[in-house]
Amino acid sequence: MPLLILDRDGVINQDSDNYIRCLDDWQPVPGSIEAIARFSRAGYTVAIATNQSGLSRGYFTLDDLETIHDELRRQVEEAGGSISGIFYCPHLPTEGCACRKPATGLLEAIEAELEVAVAGSFFIGDSLKDLQAAQAMHCRPVLVLTGKGTATRAQLQTDTANLTAPESIPVYADLAAAADAMLSA
């Protein structure tokens, strides 16, 4: 089964500069839940890699995060799909950990836990950090314009940001549009 890696905030759900602190803050991007289910039904193993420094900042608890992830899984399952794993980095950007994107620790954890190579898999994100982590592990980066995606695309037009061939990274309006294009190819 091919592997699909997704960022969470800004790709699956609306992002917030104030962090997604509880289930009430978590609002799926229209069409994203159905897109995940479509990928899953098409044979993709779906994994999520997300930076969640709000844990270290004390903005929410592990129970709050798990409640959000349980609801995400529930909605995807209700739509006929499944998520094989949700991997998160709880650290602050200043901690210098190996898991906070653009570092590759989350992708290495996906590889180890799901026993599948991440190289060659699609990684759909909305931020430069997502694209950098994808390329560092030889994934195929895909940019969506939800969340930070529009700003990321503008940044790539003026600065390659240490990415290889940024002009070749596919760009889609949102996760649903990415699913439409990728699943019909």
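Return a yes/no flag: does segment 111-124 have any residue that is over 19 Å from TYR44 (Cβ atoms) and within 16 Å of the chain's Cα centre (by Cα). No.
Rundown of residues vs (1) buried (at least 19 other Cβ atoms within 10 Å of the Cβ); (2) in a strand (DSSP E or B); (3) among the acidic types (Asp, Glu); (4) on the phi > 0 side of the Ramachandran plot, yes/no style:
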residue	(1), (2), (3), (4)
ASP63	no, no, yes, no
GLU66	no, no, yes, no
ASP70	no, no, yes, no
HIS91	yes, no, no, no
CYS99	yes, no, no, no
LEU107	yes, no, no, no
ILE110	yes, no, no, no
PHE123	yes, yes, no, no
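Filtering segment 18-60 to residues that are part of a loop (DSSP other than H, G, I, E, B), open to solvent by 40 Å² or more (accessible area, probe 1.4 Å) and under 22 Å from LEU106 (Cβ atoms) leaves TYR19, ARG21, GLY58, TYR59. A search for C-beta distances below 9 Å between a residue of segment 105-116 that is without any contact (Cβ under 8 Å) to a residue 40 or more places away in the chain and any residue that is open to solvent by 40 Å² or more (accessible area, probe 1.4 Å), counting only pairs 6+ apart in sequence or on different chains, returns GLY105/ALA98; GLU108/ALA98; GLU111/ALA117; GLU111/ALA119; GLU113/SER84. Whenever a residue of segment 11-40 is within 11 Å of PHE60 (Cβ to Cβ), its partners that are among the small types (Gly, Ala, Ser) and outside any loop (DSSP other than H, G, I, E, B), lying with C-beta atoms within less than 7 angstrom and at least six residues away or across chains, give the pairs TYR19/GLY54; ARG21/GLY54. Against the numbered list (1) under 15 Å from the mean Cα position of the chain (by Cα); (2) modelled with pLDDT under 95, GLY96 comes up short only at (1).
The values are calculated or read from the model by the stated rules, or taken from the named source; none is laboratory data. Bear in mind that the values here come from a model prediction, so they are computed numbers and not experimental data. Here the Cβ is made from the backbone with ideal geometry for all residues, glycine too, and neighbour counts use every protein chain on show. Heads up: the accessible areas ignore ligands, DNA and RNA and are worked out on the full protein's heavy atoms, side chains in. Shrake-Rupley method; radii C 1.70, N 1.55, O 1.52, S 1.80 Å.
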